[in-house]
Amino acid sequence: QRKEQTRQGGGKMTGFGGGFGSESSPAGGMGMGGGMGGGMGGGPGGMSSSAQSASRVDTSSSSITRPAEPAKKPGRGMKLGGKPKTADFVDALIAEGEDLSIAAPVAAVSAAATSAATASPAKTQTSPVHIKIEEKITLTANRDGGLQNMEVKGVVYLNVTDPELAKIRVTFDKSRTNTTPFQTHPNVDKKLFADENKIGLKNSDKPFPTNSEVGVVKWRIQATEDSAIPLTINCWPTLNGDGSCDVNVEYELVEAGLELHDVVVSIPVPSGVGAPTISSVDGSYAFDSRKSILNWTIDVIDASSKQGALEFNIKSRSEDDFFPVLVNFTSPKTFAGLALVEARHVDTNAKVPFSSEVAFSTEKYEFV
């Protein structure tokens, strides 16, 4: 279990941006602004309102919303038509004696890996009440596993499009967030969130604004303990006497409550020496010859698949050739452990259907 020091938010947190406006606004509405503006503010990279994510959009009227199962990758369809121009070029290379048996599948996998690492699916509000949780992690660790710095920033947005449903309270599960330093918007009832895990306005007679994405809760976690690293990467190059290098790379999921999707571990390799020879891999790989990067892709890392390894050989005379190792991933679960439970109308206590999305992803995650 993570030490309490891990969850302490270092430094003063930045403001919510536009905010809700004054509580003295007329009863017909609170005159709230655009919520938290562009995100959290401060910190490396900030928080984008359209963060790269493993978004799971659900509609729910039940007590708990659960992330959907990871979608299966669609198969490639057959393209009909004439022979493409690139086929003539490939035929010419084959005629000259070039061996393309490896290059072709590697190029295909490389495109898939790049797509998985950078794709940001469009988000759609499917209910009059939409709740979005965005979270970003920035982490730099040494190649020997020592943590240099780590920061996680998160925010909860609420968007109501039906005025009849604007007087609501949203309940969260904070069972995994004992030491996370949450900060509520000034117009949100702080005590209600602390005691009952519910987001509601201080003045329960007033509604949330409509047709506006409003930031209601945010958090910032900073850590220096090595044990705080959620996913560790161990890259171990071994130089050989013949001018080659055997490289062993391992990952381990330390934060068992997380579920990481579309994980891509990018390892730089020496340029001008050809593609690495892969001896074993858990998952798939692709070699980007232009950038001299070996991309190792794992579809899902969770409690049932916490560890994996990649082994390859390539010409090299320095261990520094294989650093920094970069990692990208998305997750339908937050690092802070915050999860949605239900929404209810303030006046009738009736359950209110809502759609939701969770977007925990990497801002920068590297081992240097």
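Couple of notes before you dig in:
- Residues of region 210-228 satisfying the condition of being under 14 Å from Ile168 (Cα atoms) and either open to solvent by less than 20 Å² (accessible area, probe 1.4 Å) or small (Gly, Ala, Ser) (or both): Val214, Val216
- Single residue of Val358, Val352 found to be touching a helix residue (DSSP H, G or I) at 6+ places or on another chain (Cβ under 8 Å), farther than 22 Å from Asn248 by Cα, buried (at least 17 other Cβ atoms within 10 Å of the Cβ) and not aromatic (Phe, Trp, Tyr): Val352
- Looking only at region 328-347, residues that are out of contact with any helix residue (DSSP H, G or I) (no Cβ under 8 Å at 6 or more places or on another chain) and either among the acidic types (Asp, Glu) or under 16 Å from Phe208 (Cα atoms) (or both) come to 5 in all.
- Look at region 341-368: where a residue is without any contact (Cβ under 8 Å) to a residue 24 or more places away in the chain and a partner is of a type in the set (D, E, K, R) and in a strand (DSSP E or B), sitting 6+ places away or on another chain with Cβ atoms under 7 Å, you get Ala350/Arg344.
- Residue check for Phe329: surrounded by 16 or more Cβ atoms within 10 Å (Cβ to Cβ), more than 20 Å from the chain's Cα centre (by Cα) and in a strand (DSSP E or B): no
Residues are listed down the side, and each one gets a yes or a no for (1) more than 23 Å from Ala339 (Cα to Cα); (2) surrounded by 14 or more Cβ atoms within 10 Å (Cβ to Cβ); (3) touching a residue at least 12 places away in the same chain (Cβ under 8 Å):
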| site | (1), (2), (3) |
| --- | --- |
| Asn234 | yes, yes, yes |
| Thr238 | yes, no, no |
| Asp246 | yes, yes, yes |
| Glu250 | yes, yes, yes |
| Glu259 | no, yes, yes |
| Asn295 | yes, yes, yes |
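- For Gln183: the one exception among (1) in contact with a Lys or Arg (Cβ under 6 Å, 6 or more places away or on another chain); (2) surrounded by fewer than 20 Cβ atoms within 10 Å (Cβ to Cβ); (3) in a loop (DSSP other than H, G, I, E, B): (3)
- Which listed residue is touching a His at 6+ places or on another chain (Cβ under 9 Å), on the phi < 0 side of the Ramachandran plot and modelled with pLDDT of 95 or more, from Thr161, Thr171, Thr138: Thr161
- Just one of the listed residues (Glu342, Glu363, Glu311) is more than 22 Å from the chain's Cα centre (by Cα), open to solvent by 10 Å² or more (accessible area, probe 1.4 Å) and more than 27 Å from Asn197 (Cα to Cα), namely Glu311.
- Candidate set from region 141-176 (those that are open to solvent by 10 Å² or more (accessible area, probe 1.4 Å) and among the hydroxyl-bearing types (Ser, Thr, Tyr)); member that is farthest from Thr348 (Cα to Cα): Ser175
- From Ile221, Ile233, residue being over 19 Å from Gly154 (Cβ atoms), among the aliphatic types (A, V, I, L, M) and assigned to a strand (DSSP E or B): Ile233
The values are calculated or read from the model by the stated rules, or taken from the named source; none is laboratory data. Just so you know, these numbers come straight off a predicted model, no measurement behind them. Note: ideal-geometry Cβ built from the backbone for every residue, glycine included; neighbour counts use all protein chains shown. Side chains are part of the model used for accessible areas, which takes the heavy atoms of the whole protein and leaves out ligands, DNA and RNA. Shrake-Rupley method; radii C 1.70, N 1.55, O 1.52, S 1.80 Å.
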